[in-house]
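*Asks:* Sharing a structure below in structure tokens format, with a few things to ask.
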Amino acid sequence: MDYFVNETIFPSIEKMASMCFAKFKSLPKTGKPTDTEWTVLAAVVESDEKGGTCKVVSLGCGTKCIGKSKLCERGLILNDSHAEVLARRSLLRYFYKEIKKAINAPKEKQSIFTWCEKRRKLYLKTGVTYHFLSTQLPCGDACIKTSSNDLHEYHEPNAKKLKTTNEYDSENSLGDLVYTGAKLLDPQHKDCMEQSVGAMRTKPGKGEPTLSMSCSDKLAKWQLMGIQGALIAALLAEPIYLKSMTFYGNNSSLECLERAIWQRFIKDSKFNHSIYRLHKPEIRRYIASEFLYKQVPNKKPSPNGLAWCDIELKDKPYEVSVNGKRQGIISKKLHSPEASLKISKFHLFSEFLDILKLKPILLETFGLTIENVEKLNYLKAKCLSKTYQTAWLEAKTKYFKQWSEKPENLIKFYTNKIIIDDE
């Protein structure tokens, strides 16, 4: 299988940690953990290697995930509020704002994207790269620590089942193993908590089961399909990959992180595609810096999710969520778009539709008109990205065989209130 090797990494671990913690500190106090609570912080740093500059462009804090009975048919509720996912969804919001800049003023140099009229696609500017940081190991496969021999053989250790002690993941060790609370999907495993190396899992938690995949699996998907997702992929000439990933933790293992994020797939059949391929990021560990709200004994997980991205203040870049909805919303509006975060499926889909309307030539490319663009539901819009969908279908067949599928009623919503019968 083809992959890219990054030879030069910018910024340094120390600079990244300092920048991300400083950005978190600068955000409003609303929603942040109390002295008796802990959370996980994840962030994405954008670097301009030509200009020698870098900045934090998205940040997320959270440990929660909602059960499958609470999933929303209109895309208004966040299914997954783990820090990694909040940071990535915030990054998508940042991308949409930058895409609008490039389309509105294609000759300006203010956007990270450039518009190519001939190909009807957007390009990420040369030298712009993205770097990910998290203050905790991603739940799922990355948490399972085994000997080096086991890693190379992808051995499934015989391990006792340990119950999770919190809603993020459990790291109670026994011998040379670290246990994850994430739950196996493969039906061949009678015990969903079995510590099988390299397997697909859904998020951990003591409550109702969720349909959201573990962070280890989501990070792995992003390194194959890009971090931009299907909708933005329809607008771009090429996917966007993370150049480096940095994780905090004294008990973290580079071997386990590499296995979870990319190495567990290279033993399988090759993934041959024109623009999508397994991308090998630089995996880094850091133990010098301390996050003020890291997980420690006698502290409980914060109930809040925090999301921020580098957009103008007038657009309200900082959001606080509880149970996947905006904090402080009145009960009368609890099931309306006003209760929904700007990083929800509903609002990110709305941003995509806005871009199609801004650039009529895109409508022509996708065989749409101004009149029928509002009749697009979320699923049909994702299918506009045919190259992405073809590659993702192949990836699920070869590598992500147990990837959980959302019921169609959850992904066929519209951005308006008009009920439109599918033809």
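*Asks:* So how much slack lies between Lys267 and Phe366, counting 0.36 nm per residue of separation and subtracting their Cα-Cα distance, in nm? Write out the running numbers ahead of the final one.
*Replies:* On the way: separation 99, 0.36 × 99 = 35.64 nm, distance 3.68 nm.
Gain on stretching Lys267 to Phe366: 32.0 nm.
*Asks:* Using 0.36 nm per residue of separation minus the Cα-Cα distance, give me the extension gain between Asp35 and Glu394 in nm, one decimal.
*Replies:* Numbers: separation 359, 0.36 × 359 = 129.24 nm, distance 4.66 nm.
Result for the pair: 124.6 nm of gain on full extension.
*Asks:* Given the peptides 338-347, 314-323, 214-223, arrange them by the average over their residues of other C-beta atoms within 10 Å, most packed first.
*Replies:* Working: 338-347: 21.9, 314-323: 15.9, 214-223: 26.5.
Highest to lowest by the protection proxy: 214-223, 338-347, 314-323.
*Asks:* Further, regarding this structure: For a label point 7 Å from the Cα of Ile275 along Cα→C-beta, name the residues of segment 118-134 whose backbone N is under 16 Å from it.
*Replies:* 118-126
*Asks:* Once the cut-off is 17 Å, how many percent of the Cα-Cα pairs in segment 359-402 end up in the long-distance tail?
*Replies:* Tail of P(r) above 17 Å: 45 percent of Cα pairs.
*Asks:* Around Gly127, what is the net charge, scoring Lys/Arg as +1 and Asp/Glu as -1 over all other residues with Cβ under 9 Å from its Cβ? Don't jump to the answer; show the numbers that get you there.
*Replies:* Details: positive: Lys50, Lys125; negative: Asp48, Glu49.
Combined, the nearby Lys, Arg, Asp and Glu give 0.
*Asks:* How far apart, in nm, are two points set 7 Å out from the Cα along the Cα-to-Cβ line at Lys380 and at Ser18?
*Replies:* For the pair Lys380/Ser18, the computed spacing is 5.2 nm.
*Asks:* Report the charge-dipole magnitude of segment 340-404 in Debye, nearest 20, computed about the Cα centre from +1 at each Lys and Arg Cβ and -1 at each Asp and Glu Cβ.
*Replies:* 360
*Asks:* Still on this model: I'd like the projected area of segment 266-405, averaged over all directions, using the convex hull of its alpha carbons. Report it in nm² with one decimal. Walk me through the numbers on the way to the answer.
*Replies:* Numbers: hull surface 58.1 nm².
Averaging across all directions leaves 14.5 nm² for the Cα convex hull.
*Asks:* Which order, highest average first, do 396-407, 63-74, 80-91 follow once you tally other Cβ atoms within 10 Å for each residue and take the mean per peptide?
*Replies:* Top of the packing list down: 80-91, 63-74, 396-407.
Each value in this text was obtained by applying a stated rule to the coordinates, not by laboratory testing. Being a predicted model, the structure only gives us computed values, none of them experimental. Every residue, glycine as well, gets a Cβ built from its backbone with ideal geometry; the counts of neighbours run over all protein chains shown.
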